[in-house]
1. Roughly how many percent of the accessible protein surface of the chain is carbon and sulfur, given a 1.4 Å probe and a whole-percent answer?
2. Highest first, please rank the peptides 284-295, 14-25 by the mean number of other Cβ atoms sitting within 10 Å of their residues.
3. Stretched out fully, how many nm does the piece from LEU64 to ASP285 gain, at 0.36 nm a residue minus the Cα gap?
4. Report the gain in length on full extension from GLN268 to GLU247: 0.36 nm times residue separation, minus Cα-Cα distance, nm rounded to one decimal.
5. Using Cα-only point scatterers and the Debye equation, what is log10 of I(q)/I(0) for the chain at each q in 0.10 Å⁻¹, rounded to two decimals?
6. With the cut-off at 13 Å, report for region 135-178 the share of all Cα pairs above it, as a whole percent.
7. Excluding VAL210 itself, calculate the net charge of residues whose Cβ lies under 11 Å from the Cβ of VAL210, where each Lys or Arg counts +1 and each Asp or Glu counts -1.
8. Report the residue, chosen from VAL257, VAL103, VAL173, that carries the largest GNM mean-square fluctuation when the chain is represented by alpha-carbon nodes joined by springs under 10 Å.
Amino acid sequence: MTQTSGFQPPGKIDFLDVLPTPRPQLERLLILAARLKKQYRATGRNEPLAAGKTLAMIFEKPSLRTRVSFEAAMHHLGGAAIYISPGEIGLGRRESVPDAARVLSGFCDAIMARTFSHQTIELLARHSPRPVINGLSDYSHPCQALADMLTIQERCGDLRGLTLAYVGDGNNVARSLMEACATFGLKFRIASPPGYELDPQSIQRTCQAVPGFDCSTGADPRQAIRSADVIYTDTWVSMGRENEKQERLRVFGPYQVNSELLAAAPSQAAVMHCLPAYRGVEITDEVMDSPRSIVFAQAENRLHFQKGLLAALIGGQ
Ligand code: CP
Ligand code: NVA
C-alpha cells in the first residue's frame, strides 16, 4: 500500500479567501444562497442536497454564529456536522495539521476550520482531499463577507456602485470585506486609528487583482462615512488580542459607532456588525437597536450563504 502525500483529487475546491475565488463563482454562490433562502422561507422545506454528507468543524476559538449556522445548514441540507471543540484535536501539538487533515478527510466530506493562524487553514487545505472552508482566521473571514454581500444586496439592491464604510480595526473581517467589495464593485472606505490600519500589502494586492477598485483609507471616521450606503464595524479586540484590550479601548474611543457619528452619514445608510458586539464599546445600544441596524438580518444570512456554499462544494450544485 502506498501512502499519498498532499493528495488533492481533481475538482476539489476550497473556500479560504474571497479574492482568489473567481468572481463568476462568487456571484453564483450568492444566487444559489438567495434561491435556497427564498425556497426555505416560502415552504419551510429544503432540498436534501447534502444527504449522507458530513462536515467536520474544527474550532480553535469560540463561536456562536459560525458554529450554529454551519451545523444548521448541514441539517437543512440533509447532512450532519461534527463539532470539534478548541483543544480537542490539539492541532499542531497532539497531532500534526497534515495528519489531522488526512484523517478527517477519511471520515467527512468537507472540513470547516476556525483557527488562530491562517497558515493552519492553508495547511489543512493542502493536505485534505476534501474541500476546506475558512470559518475565520487571524487573517480573514470570507464566509462573513459573502453573507454580508447577500444582506447588502437584499437591503440596497444592485451592489455595484454602493459605498461600504468600515470604521474601526483593520482586522480579518475588514480584509475580507475589502476583498468582497472589490469583487462585487462596491466602493470601500476604511477609517482606523494610526497603528491599527489594514496592512498596505493586502490593499495593494486587492487593487492589483481588481483594477479600478475604488478604495480609500484614513483615520477620520466622519470622512469615511460621508457618502456611505453601509456603515460597518467590528470589535476592537479580536479573539487572540485580549492582552491588548486596555490599550485598544483607549485608542479606539473616537471610532465608536454612535448617534453622533451617524449624524455625519446619509440618513438612509444601514449599519452592520458581524457580531458578537460589545454594546457600549464599538457600537451603542441606540445604534444597534435602531431601524438603521441590519445586524440580525446579517447574522441570519450566515445560514443562508453557507447553505449555498455547502451545496456548491459538496452538494453538486
Ligand atoms: N460573526 C461570527 O463569525 O460570529 P461567531 O464568532 O459567533 O461565529
Ligand atoms: N474580528 C473578530 C471577528 C469575530 C467574528 C475576531 O476575530 O474576533
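1. Carbon plus sulfur share of accessible area: 52 percent.
2. Going from most to least packed, we get 14-25, 284-295.
3. Here the segment from LEU64 to ASP285 would lengthen by 77.6 nm.
4. Additional length available on full extension: 4.2 nm.
5. -0.55
6. For region 135-178, the fraction of Cα-Cα distances above 13 Å is 55 percent.
7. Spelling it out: positives minus negatives among the neighbours equals 0.
8. Evaluated over the chain, the most mobile residue of the options is VAL103.
The values are calculated or read from the model by the stated rules, or taken from the named source; none is laboratory data. Remember, predicted model here, so these are calculated numbers, not experimental data. Neighbour counts are summed over all protein chains in view; Cβ atoms, including those assigned to glycine, are modelled from backbone coordinates with ideal geometry. All accessible areas refer to the heavy atoms of the entire protein, side chains included, with ligands and DNA or RNA removed. Shrake-Rupley method; radii C 1.70, N 1.55, O 1.52, S 1.80 Å.
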